[in-house]
Amino acid sequence: MSSDNAIEVAVLGAGQMGGHVIEHLADSPLVRAITVYDRHPERMEDLKQRCGVKTAESLEQVLSDPAIRLVFITASNNAHKELSIAALQAGKAVMCEKPMATTLANAEAMVEAAETTGGFLQIGFELRYSHLYTKVKDWIDEGRLGRVLNTQCTYTTSAWGRHDAWRTQSKSSGGMFGEKLSHYVDLPRWWIGDQVEEVYAVCAPNVIPYYEVHDNYHCTYRFTNGAVSHLTFMMGPAATFRGDPLQNAVSQQAGDGHALRYMIYGERGAAETDVFPRSIKRWEFGENDYGQTSEWVQTETWEPERDFSYFHNTHDQALDIVRRVVKGEPPKTNPRDALETTRLCFAAELSVKEKRPVRLAELNSHQPQLPSSDQRKDS
Ligand SMILES: NC(=O)c1ccc[n+]([C@@H]2O[C@H](COP(=O)([O-])OP(=O)(O)OC[C@H]3O[C@@H](n4cnc5c(N)ncnc54)[C@H](O)[C@@H]3O)[C@@H](O)[C@H]2O)c1
């Protein structure tokens, strides 16, 4: 039952993510109606049958409808810039999925459009809503870890199949770093709360033969305050999973090679988040006659039914964005903040390509190029 101030919302992109967002929006009393648009009419039709949404015949139909106040952009990455800017210029509030765009120039153009129109633009970094990671942020804000100096992320997952073609190609995905790892550099930025000064990333030759993008990264970020964040990523070793990683898949993937673990190390204590054992832990540091001590003081776990809210909390993100738009509040994450995370992704790609550390300041004058399969074969 919708409330009196409920709004109409559109979803642009009727693929896997568009379907999730539509299911989430059905839980909001602040949403009166949902219109979906996709270049493939059969995908819209499927959502109409399953979820009772309206369908639009064209993007123009969505943008010229004054009843639609907010659009969720869940199209593939190379459509993000065009759709976001058109929607902002049409006076709509915009939530755009990560990664912001397939080039840094396009991401900058999106932020400029939000600033010149004064419009609402939030990028889909839903891990900032996920209990697993907000818990760490709360501990940091409460001073339990002290100043965070060091984070380490180990991420191993299964390969995308050939049917996910746009994701595996450089131009249409914008690179693996933005498409898969933007969440996992956004989190340490959020926790450490400082600017990254320099990044160094290397990739081993690919194992997955049909990827144009890289299938692995070893990446280190150095922040201006001296903190360091490291990310090791391998796509492919974990058992092939044909389901949807945003669904309740944690149980099915536990123990089959999937891993997604952070160690967060501060001056006064440490925390660990570990998705597949459903675990979050905290240690406190002290001192005794022996020397530095570390005491394991807190553990939390959660039931499988809560995987969604602990891990990829796209549900609460969608409902919060609707609430913010209805109440006239700004985005939870400023688009310039999301742009900084996007800059880190492109800095990592540039570091890999040029086989050298990259200072973030360089990106102002240097638009990184994505790897092509020919370049990668040389590496
Ligand atoms: N936040 C997350 O954790 C998360 C998870 C999965 C996907 N995503 C993001 O969501 C987006 C969609 O991913 P997906 O898995 O749903 O992909 P998908 O391939 O299942 O769906 C993408 C849809 O976009 C449509 N599309 C492409 N260009 C369009 C345009 N100009 N106008 C209208 N529709 C257009 C395609 O026809 C397709 O139906 C991607 O940006 C992806 O990175 C985010």
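The values are calculated or read from the model by the stated rules, or taken from the named source; none is laboratory data. Since this is a predicted model, take the numbers as computed values, not measurements. We place every Cβ from the backbone using ideal geometry, glycine too, and count neighbours over all the protein chains shown. Keep in mind that these areas ignore ligands, DNA and RNA; they rest on the heavy atoms of the full protein, side chains included. Shrake-Rupley method; radii C 1.70, N 1.55, O 1.52, S 1.80 Å.
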What is the log10 of I(q)/I(0) for the stretch 44-119, computed with the Debye formula using one identical point scatterer on each Cα and no solvent, at q = 0.15, 0.25 Å⁻¹? -0.53, -1.19
For the chain, which whole-number percentage of the solvent-accessible area (1.4 Å probe, protein heavy atoms only) is attributable to carbon and sulfur atoms? 47 percent
Against the longest alpha carbon principal axis of the chain, how many degrees, from 0 to 90 and to the nearest 10, is the axis of helix 80-89 turned? 60 degrees
Please give, to one decimal in nm, the separation of the simple spin-label points placed at Val207 and Val297, each 7 Å out from Cα toward the Cβ. 4.0 nm
To the nearest 0.05, what FRET efficiency results for Thr224 and Arg356 with a Förster distance of 25 Å applied to their C-beta separation? 0.80
Accessible area per residue, 1.4 Å probe, Å², for the chain: what's the number? 44 Å²
Exposed loop trypsin sites (Lys or Arg not before Pro) only (DSSP loop, at most 11 other Cβ atoms within 10 Å): please give the longest stretch of the chain free of them, not including the sites. 1-241
Along each of the three principal axes of the Cα atoms of the stretch 111-266, give the extent in whole Å, ordering the values from largest to smallest. 44, 44, 32
Environment charge of Thr301, counting only residues whose C-beta is closer than 15 Å and scoring Lys/Arg +1, Asp/Glu -1: 0
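What share of Cα pairs, in percent, lie more than 20 angstrom apart in the stretch 271-373? Present the calculation step by step, with values, prior to reporting the outcome.
Details: 3583 of 5253 pairs.
Percentage above 20 Å: 68.
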Calculated P(r) tail over 25 Å for the chain, as whole % of Cα pairs: 56 percent
Round to the nearest 10 and give me the degree value, 0 to 90, for the angle of helix 314-327's Cα axis relative to the longest principal axis of the chain. 60 degrees
Which of the pairs Lys92/Lys135; Lys180/Lys355; Lys54/Lys332; Lys48/Lys92; Lys54/Lys81 have their Cα atoms more than 31 Å apart in this structure? Lys92/Lys135
Measure out, as a whole number of angstrom, how far apart the alpha-carbon centroids of the stretch 182-240 and the stretch 1-73 sit. 34 Å
